[in-house]
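Visitor: Here you go, one structure.
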Amino acid sequence: VQRGRIVAAAEVEQSYIMIKPDGVQRGLVGEIISRFEKKGFLLKGLKLFQCSKDLAQEHYKDLKDKPFFPTLIDYITSGPVVCMAWEGVGVVASARKLIGATNPLQAEPGTIRGDLAVQTGRNVVHGSDSPDNGKREISLWFKEGELCEWESVQTPWLIE
Ligand code: UDP
Ligand code: MG
């Protein structure tokens, strides 16, 4: 199998994926990471992290006028989360499909929320909704130097 330039850099996106405090408390960290690994995306950043209210509010700033905003901030700051940066072609939209609908009762079986959760307010995982938000969220949650530049030996077996 040929090594080298496999996909144009312009096609490669990053998504910010976060296992929420309920996912950590329920012992679902390995299960959730495993789904993105098995799909074939590349893990570029990973940490367990207790976030501040300020950071949670900044992350969800588009929702600040929603009635559920205060309880959402309490939920996200209620315990450690797992912060991840995943990379790949089409990773943003694909991750949203792997995660499933916001309301876990409406999420399809086979998706993370469809298989592992029952309530919108305890839906175990976050995924960026656009490539621009992927960039914004990764730079919000990770500091300079926390992402790892590496190449997976699997890449030539995932992308022709
Ligand atoms: N949320 C909630 N009640 C609602 C809608 C959303 O508690 O009626 C929470 C839920 O945790 C959701 C998060 O707010 O994941 C962000 O909402 P969004 O609409 O962006 O859903 P997502 O992109 O996470 O599917
Ligand atoms: Mg969202």
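Visitor: For the range 60-160, run through the chymotrypsin sites (Phe, Trp or Tyr not before Pro) and keep only the ones in DSSP coil with at most 13 other Cβ atoms within 10 Å of their Cβ. It would help to have the intermediate numbers written out before the result.
Guide: Working: sites: Y60, F68, Y75, W86, W141, F142, W150, W157; in loops: Y60, F68, F142, W150.
Of the chymotrypsin sites (Phe, Trp or Tyr not before Pro), the ones in loops of the range 60-160 whose Cβ has at most 13 other Cβ atoms within 10 Å are F68, W150.
Visitor: If I build a Gaussian network model for the chain, linking alpha-carbon pairs within less than 10 angstrom, which residue out of D54, D22, D65 has the largest mean-square fluctuation?
Guide: D65
Visitor: Residue-wise, which Karplus ³J(HN,Hα) couplings in Hz belong to the range 150-156, taking 6.51 cos²θ - 1.76 cosθ + 1.60, θ = phi - 60°, and x for glycine or proline?
Guide: Couplings: 7, 10, 8, 5, 6, 3, x Hz.
Visitor: Calculated from DSSP H runs of 4 or more alone, at -39500 (n - 2.57) each and per residue, what is the 222 nm mean residue ellipticity of the chain, nearest 500? The partial results should precede the final answer.
Guide: Working: 8 runs with 60 residues, N = 160.
That comes out to -9500 deg cm²/dmol.
Visitor: Let me ask something else. In the range 79-160, what trypsin sites (Lys or Arg not before Pro) fall in a loop by DSSP, with at most 13 other Cβ atoms inside 10 Å?
Guide: Working: sites: R96, K97, R113, R122, K135, R136, K143; in loops: K143.
When the trypsin sites (Lys or Arg not before Pro) of the range 79-160 are filtered for loop state and at most 13 Cβ neighbours within 10 Å, K143 remain.
Visitor: Suppose every Lys and Arg Cβ carries +1 and every Asp and Glu Cβ carries -1, with no other charges. What dipole size does the range 72-160 come out with about its Cα centre, to the nearest 20 debye?
Guide: Numbers: 7 positive and 12 negative charges, 73 e Å.
Computed charge dipole of the range 72-160: roughly 340 debye.
Visitor: Place +1 on the Cβ of every Lys and Arg and -1 on the Cβ of every Asp and Glu in the range 47-160, take the dipole about the Cα centre, and give the residue among F142, G110, V91 whose Cα lies farthest towards its positive end.
Guide: Positive-end residue among those listed: G110.
Visitor: Another question about this same structure. Over all directions, what mean area does the Cα convex hull of the range 16-160 project, stated in square nanometres? All intermediate terms of the calculation are to be shown ahead of the outcome.
Guide: Values: hull surface 34.9 nm².
Answer in nm², one decimal: 8.7.
Visitor: Where a Cα-Cα gap under 13 Å defines reach, which aspartates and glutamates qualify for K47, not counting those fewer than 8 residues away within the same chain?
Guide: Straight-line reach from K47, under 13 Å: E146.
Visitor: Please report, in debye to the nearest 20, how large the charge dipole of the chain is about its Cα centre when each Lys and Arg carries +1 at its beta carbon and each Asp and Glu carries -1 there. Write down the numbers at each step before the final one.
Guide: Details: 20 positive and 21 negative charges, 51 e Å.
That gives the chain a dipole magnitude of about 240 debye.
Visitor: Mind sorting T102, T111, T120 by how few other Cβ atoms lie within 10 Å of their own Cβ, fewest first? Can you show the working numbers first?
Guide: Values: T102 11, T111 19, T120 15.
Least crowded to most crowded, the residues run T102, T120, T111.
Visitor: Please report the equivalent ellipsoid semi-axes of the range 2-86, computed as sqrt(5 x eigenvalue) of the Cα gyration tensor, largest first, in whole Å. Walk me through the numbers on the way to the answer.
Guide: Working: eigenvalues 170, 58, 20 Å².
Equivalent ellipsoid of the range 2-86: 29, 17, 10 Å, largest first.
We did not get these values from a lab; they are worked out from the coordinates using the rules stated. Treat the numbers as computed from the prediction; the structure is a model and nothing was measured. Cβ atoms come from the backbone with ideal geometry, glycine included; neighbour counts cover every protein chain shown.
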